[in-house]
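The values are calculated or read from the model by the stated rules, or taken from the named source; none is laboratory data. Quantities reported herein were computed from a predicted structural model and do not represent experimental measurements. Note that we place each Cβ from the backbone using ideal geometry, even for glycine, and neighbour counts take in every protein chain shown. The protein model used for the area step is the full one, side chains on, heavy atoms only, and it has no ligands, DNA or RNA in it. Shrake-Rupley method; radii C 1.70, N 1.55, O 1.52, S 1.80 Å.
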Amino acid sequence: MTTYDAILIGGGHNALVTAAYLARAGRKVLVLERRELVGGCAVTEELWPGFKMSTASYVNSLFRPEIIRDLELKRHGFQMLPRSPSSFTPFPDGRYLMMGPDKEMTHREISKFSKKDAEALPKYEAMLERVADFLEPTLVQTPPNPWSMAPGNLIQLLKMGLGFRKLGTDGQKAVEILTGAANPILDRWFESEELKATIATDAIIGAFATPSMPGTAYVLFHHVMGECDGVRGVWGYVKGGMGALSNAIASAAREKGAEIRVNATVTKILVSGGQATGVVLADGTELKAKKVVSGVDANITFLKLLNPAELPTDFVESVRAIDYASGSAKVNLALSEVPDFTCLRGTTPGPQHRGTIHLCPTREYIERAFDPAKYGHISQSPIVEATIASSLDDTVAPKGMHVMSMFTQYFPNTLAKDAGSLEENKKNYAERCIDIMTEYAPNFRKSVLNYQVLAPQDIERVYGLTGGNIMQGTMSLSSLSFMRPVPGYADYRTPVKGLYMCGAATHPGGGVMGACGYNAAREILRDG
């Protein structure tokens, strides 16, 4: 029987990054993916003939440039399509707000609502960039363990402390970003509700929360720490859909000798004498390895694939306490034409179609959308963020037709007993999202040729994410940095010798970054 140096559980983008770096270092690597294609949530699927959807994740900015460089991903087919403008928000009164990355255009657009805000936005962004300059390097570092007296940990903590001191008056702002709610920050900087509502939607992406709740400021900030082809804060589409990025990483890994198997479901991690020795597949096949690396979340890794009795009791309790609450649902649509917005007409792709379309007029609207979800019912007026990748990428839809991703809130991952069936709720929810878009673009309903709904329950079933949580666990302060996935185990190692974690359950968390996989590979190679 072949013994691998490392077996990776799951073929998500982070696991593929880890596999590529291990193979690059000469290790014999096997990736096992239970679905028929690799990529995890970063996949492209042809749902209807000619319509290629980024079914889960749908835009990119956070993916680490050092990984693109090291793995030569552009040579393997990875190409970004930057978006300009980056966002378009129509309002019920017939006005609209268009933003970024063109600073002059953004200034002009915000001035329609508040000249004061137009002047304040560059200062707000400059503040975020100063905080990002401090925090962004930590994304590709293993968090120090503050409970350890090891010299390496103490040195790293000292460096972080010195870096924090250099922030000066921005230090307090950094603490607020890491711990606070988005609303107070937005209220301090801006007066226009139209601008605040547009920005606030980034504070709730993937979170079962509203901008008035602590922790949402970091979710807001998390989405500014990216770049597109070297330009900070710019988001883009991956040409060919998000699966093209995963396929490029897989190609780089294979080129270095990694083996990747699909339709290979791992049902058990083998442990002998406290050491991980391999895995068992659904068909009973046993595969041996010196190291096992899990790209799936902590709940599945430690409570499903392992016998919890093999783990320390306090560790198991910490894993059971991880919050997987989710309120995000994805609606993927095939369209015969782009939305013809009443406030900015046009049925051929224009600037209003290239970026993220925000259907969220006020922050009060967000709060009201969240209210039913708290009690296990779907929002009657969901928050909709829609993107039309085909406005820039002619490879994902038949000529003259389009694909749309609606990332929406709130669809609770546990429905109330009196809420009705999951399928009934999915249909009602999707139809309501279509109705809302049609209120702004009267042609929209008749343009819908087909649609798919992925509720949190579907996201869990299809993509293996507990609770349908796209971040593999909440991104609150108690679950970040040296406390992710649980305190004392933020170095990608686990209580089982030779068993590692590399997915979004680890630092720095969710989003298509690749940083979790990058960091894990470094630690695995450090162990020999």
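Annotations
- With the cut-off at under 15 Å, measuring from each backbone N in segment 257-290 to a point 7 Å along the Cα-to-Cβ line of Ala309 picks out 271-274.
- Scaling the Cα radius of gyration of segment 1-112 by the globular reference 2.2 N^0.38 Å produces a ratio of 1.52.
- Counting lysine pairs in segment 37-185 whose alpha carbons fall under 17 angstrom apart, excluding pairs fewer than 8 residues apart on the same chain, gives 6.
- Proximal aspartates and glutamates relative to Lys330, as straight alpha-carbon distance under 19 Å, when same-chain residues fewer than 8 apart are discounted: Glu45, Glu46, Asp202, Glu385, Glu423, Glu424, Glu431, Asp435, Asp458, Glu460
- For segment 422-487: accessible area per residue (Å², 1.4 Å): 39 Å²
- Segments 116-124, 247-255 sorted - mean Cβ within 10 Å per residue, highest first: 247-255, 116-124
- The magnitude of the dipole of the chain, with charges of +1 and -1 set on the Cβ of Lys/Arg and Asp/Glu and taken from the Cα centre, is near 1080 debye.
- Residue-span extension gain [Thr267 to Lys74] - 0.36 nm each, minus C-alpha spacing: 66.0 nm
- Pairwise centroid distance, computed over Cα atoms, of segment 384-457 with segment 1-65, Å: 26 Å
- Value of [θ]222 nm, deg cm²/dmol, for the chain, DSSP H segments ≥ 4, -39500 (n - 2.57) each, nearest 500: -10000 deg cm²/dmol
- Take the Cα of Lys103, step 7 Å toward its Cβ, do the same at Ile155, and the gap between the two points is 3.9 nm.
- When DSSP beta bridges are restricted to pairs lying wholly in the chain, around 70% turn out antiparallel.
- Coarse-grained scattering of segment 349-506 at q = 0.13, 0.19, 0.20 Å⁻¹, given as base-10 log I(q)/I(0) from a Debye sum over alpha-carbon atoms: -0.78, -1.23, -1.28
- Segment 105-243, accessible surface, carbon-and-sulfur percent (1.4 angstrom probe): 60 percent
- Potential extension, Ser421-Thr347 segment - 0.36 nm per residue separation minus Cα distance: 23.0 nm
- Sequence-separation-based contact order of the chain, relative, with Cα cut under 8 Å and 6+ spacing, percent: 24 percent
- Length-normalised contact order for segment 1-152 - Cα pairs under 8 Å, 6+ apart - percent: 11 percent
- Positive-end residue of Gly12, Ile249, Pro382, charge dipole of the chain with Cβ unit charges: Ile249
- Charged side chains reduced to their Cβ positions (Lys and Arg at +1, Asp and Glu at -1) give segment 131-224 a dipole of some 460 debye around its Cα centre.
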